[in-house]
Amino acid sequence: IGILGVSQGGVIAPIVASETSALAFVINVVGHAVPMYDQLLYEENNNLRQMGFLPGFSNALAYLTIFVRRNISTRDFWSAVGNFDPRPYWRGVTVPALVLLGDQDTNVPSDQSRDRLNALDKENIRVVVFEGSGHGLEAPAGIGGDYQREDALELIRDFILDAIESR
């Protein structure tokens, strides 16, 4: 048995994997590895940029909109989860782990997530960042458009087969 989590499911997957040795593997597809507040700021900044705000202004406005969320509109939610950091759970993962990220993801800070996981220096955790892909790990334009990358699906398949064979 293994766990494959996508987006927030990928953030939750290492929690489960760190609590049991009964798993054969854990896979995180486009789930962040930064504290929740950092992920929220990154995503909000990108949402504002996609609405047409200039980069510097979008960042400043993102701090304001996040302040409202954290302290007024969804205060109870953010008080409960805002300080959650998945990295300590990744530290406790002992089974083979695969993390797939897209370098064009506007929801997840892929570079920061990759760097934080690599800094754990755990040989069982492999992080792959796909060039030209966003939050859906879609194939880059001209190679498949909006369809999920074949190479990502093949990597997942091969990873699962290797993890099961090595048990």
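The values are calculated or read from the model by the stated rules, or taken from the named source; none is laboratory data. Note that the structure is a prediction, hence the values are computed from the model and not measured. Glycine gets a Cβ as well: all are built from the backbone with ideal geometry, and neighbour counts include every protein chain shown. Note: areas computed on protein heavy atoms with side chains; ligands, DNA, RNA excluded. Shrake-Rupley method; radii C 1.70, N 1.55, O 1.52, S 1.80 Å.
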TODO: Considering every residue within segment 118-126, establish whether at least one is farther than 30 Å from residue 167 by Cβ, in contact with a helix residue (DSSP H, G or I) (Cβ under 6 Å, 6 or more places away or on another chain) and surrounded by 12 or more Cβ atoms within 10 Å (Cβ to Cβ).
DONE: no
Open item on the list: If I ask for residues that are in a helix (DSSP H, G or I) and within 22 Å of residue 165 (Cβ to Cβ), which ones from segment 17-40 would you list?
Closed with: 17
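Do the conditions hold for residue 133, that is, is it assigned to a helix (DSSP H, G or I) and either surrounded by 12 or more Cβ atoms within 10 Å (Cβ to Cβ) or free of Cβ contacts under 8 Å to residues at least 60 places away in the same chain (or both)?
Numbers: assigned to a helix (DSSP H, G or I): no; either surrounded by 12 or more Cβ atoms within 10 Å (Cβ to Cβ) or free of Cβ contacts under 8 Å to residues at least 60 places away in the same chain (or both): yes.
Criteria not met by residue 133.
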Task: Boolean, residue 84 is under 15 Å from the mean Cα position of the chain (by Cα), assigned to a loop (DSSP other than H, G, I, E, B) and either more than 21 Å from residue 129 (Cα to Cα) or modelled with pLDDT under 95 (or both) - done: yes
Open item on the list: Return the residues of segment 94-113 that are touching a residue at least 40 places away in the same chain (Cβ under 8 Å), over 12 Å from residue 42 (Cα atoms) and open to solvent by 40 Å² or more (accessible area, probe 1.4 Å); say none if nothing qualifies.
Closed with: 94, 96
Task: Count of residues meeting criterion [under 25 Å from residue 152 (Cβ atoms) and charged (D, E, K, R)] in segment 6-48 - done: 2
TODO: May I ask you to list the residues in segment 38-93 that are farther than 22 Å from residue 5 by Cα, of a type in the set (Asp, Glu) and open to solvent by 40 Å² or more (accessible area, probe 1.4 Å)?
DONE: 76
Task: Considering residues of segment 16-34 that are surrounded by fewer than 18 Cβ atoms within 10 Å (Cβ to Cβ) and either under 24 Å from residue 63 (Cα atoms) or aliphatic (A, V, I, L, M) (or both) only, the residue modelled with the lowest pLDDT - done: 22
Task: Count - residues of segment 1-15 that are over 12 Å from the mean Cα position of the chain (by Cα), surrounded by 17 or more Cβ atoms within 10 Å (Cβ to Cβ) and outside any strand (DSSP E or B) - done: 1
